[in-house]
1. I'd like to verify a number: residues in segment 52-67 that are under 13 Å from Val34 (Cβ atoms) and not small (Gly, Ala, Ser), how many?
2. From the list Leu274, Leu256, Leu298, pick out the single residue that is of a type outside the set (Gly, Ala, Ser) and touching a residue at least 40 places away in the same chain (Cβ under 8 Å).
3. Among the residues that make up segment 335-342, is at least one of them part of a helix (DSSP H, G or I) and more than 24 Å from Asp39 (Cβ to Cβ)?
4. Would you check which residues across segment 177-207 are in a loop (DSSP other than H, G, I, E, B) and among the β-branched types (Val, Ile, Thr) and list them?
5. Look at Pro91 and say whether it is out of contact with any helix residue (DSSP H, G or I) (no Cβ under 7 Å at 6 or more places or on another chain) and touching a residue at least 60 places away in the same chain (Cβ under 8 Å).
6. Sort out which residues of segment 377-395 are among the polar types (S, T, N, Q) and either surrounded by 16 or more Cβ atoms within 10 Å (Cβ to Cβ) or more than 60 Å from the chain's Cα centre (by Cα) (or both), and write them in order of number.
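Here, each number is a calculation from the coordinates, and none is a lab measurement. Nothing here was measured: the structure is a model prediction, and the numbers come from that model. Methodologically, a virtual Cβ is constructed for each residue, glycine included, from the backbone with ideal geometry; neighbour enumeration extends over all protein chains shown.
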Amino acid sequence: MMKSKRVILSVVLFSVLLTGFAAKLSAARKVIDVIKIDDPITPVIAEYVVSSITAAEDRPVECVVIEMDTPGGLDPAMRDIIKKIMSSTVPVVVYVSPGGARAASAGAIITLSAHVAAMAPGTNIGAAHPVNMGGEKMDETMSRKVVNDAAAYAESIAEKRNRNKTWAIKAVRESVSISENEALKMNVIDMISPDLDSLINDMNGMKVTVNGRTVTLATQGINPDRRPMGLRENILKSLADPNIAYIIFLIGLAGLYFELSNPGAIFPGVIGALALIIAFYSMQTLSANYAGVLLIILSAVFFLIELKVVSYGLLTLGGIIAMVLGSLMLFDSPVPYLRLSYSVIFTMVGLMSAFFIVLIVLVIKSQSRKPVTGHEGLVNMCGEASTDILEKGKVFVHGEYWNAKSRSLITKGMPVRVVAVEGMMLTVEKAQSAERRE
């Protein structure tokens, strides 16, 4: 009997120890993935966020924290991120930080969609009124449709997360923006945390609904695992900058222009074609104005035609004007981060205009230069009469003996100058000096 009790006690103690060890092992394996958004919301950023959450779903991750500081971004990219957050099997936390950061426009709606929404002191959220990224002014009916759609979307997101849907509608319709303290009071966010470590501790024990099931966050003591962008995503993010896209576009045009004006160079043509394809990819993600694109292409066409048509500089002037207008129209967006910098525009227009003008001058000079090879190159060359010349004779010109004729008598040894070439016969005249053209 005593022996049985000892066995049972041993089993119980072993089970308790095993359970505790398993719990510690599980806690040790758990991580918190941290990703950072400190740029406008673009398709590249959306791809980064979506892929990061997808990767977290296949690992022992307690939650994914998105540190956010964004002025807003593109509606399709925002919706891709929100759809992934809504369907995620791991909790997603949006943390507006550090101090001075903002979750504006698309960032505000993404924050509302998170399982846990938090802000650092000195941050703000809101101003989610939709704007037309292409810069064209929408008519009243279309504008009303876009605003109604955005307001309904924000309301549904807030309602799904039990957050202040009245404020969500006002953020869209009236572009209201509030501080972190107001956001907490108005039930827009769940907490205010001064830093990431505090946020991790503050979340411990919170209950959230993740994909239809209630999950209690156990974040105490878990170290954050930062998941930065990869090389590919960083490159694509750089290409989503309108200034970078604009410079690459002009480099592409310059490369093709050089190839067309100097056929056979090959390298400029290859670089130009590649640059144009990359630029068109960038402009697609940035909603470029097609009129601006066509005007810049037209400017390159004007410069190219200048090589063939004598316009006394009118085509060159037209090309410069078209390039300036096209550059100003290319990314004519009401959103500052999607507009070209004026310093970049005028610097690049100046450089490209100088490049085209110098190339035009060089090509025109090369076309008007007198031939220095072949029969045409003999004209105006000086030599020496090898025999007496009247109707027929011989001269020594450019290291060769030629049959020659003259309208007046030229005696042997006198300097001569070639005035015409007819087949293998040179027409010569007396020269003032015996200098030979090399």
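1. Selection size over segment 52-67: 8.
2. Just a single option satisfies the conditions, and that option is Leu256.
3. So far as segment 335-342 goes, no, none of its residues is part of a helix (DSSP H, G or I) and more than 24 Å from Asp39 (Cβ to Cβ).
4. Answer for segment 177-207, where residues must be in a loop (DSSP other than H, G, I, E, B) and among the β-branched types (Val, Ile, Thr): Val188, Ile189.
5. Yes; evaluated as a whole, the condition is true for this residue.
6. Ser386, Thr387
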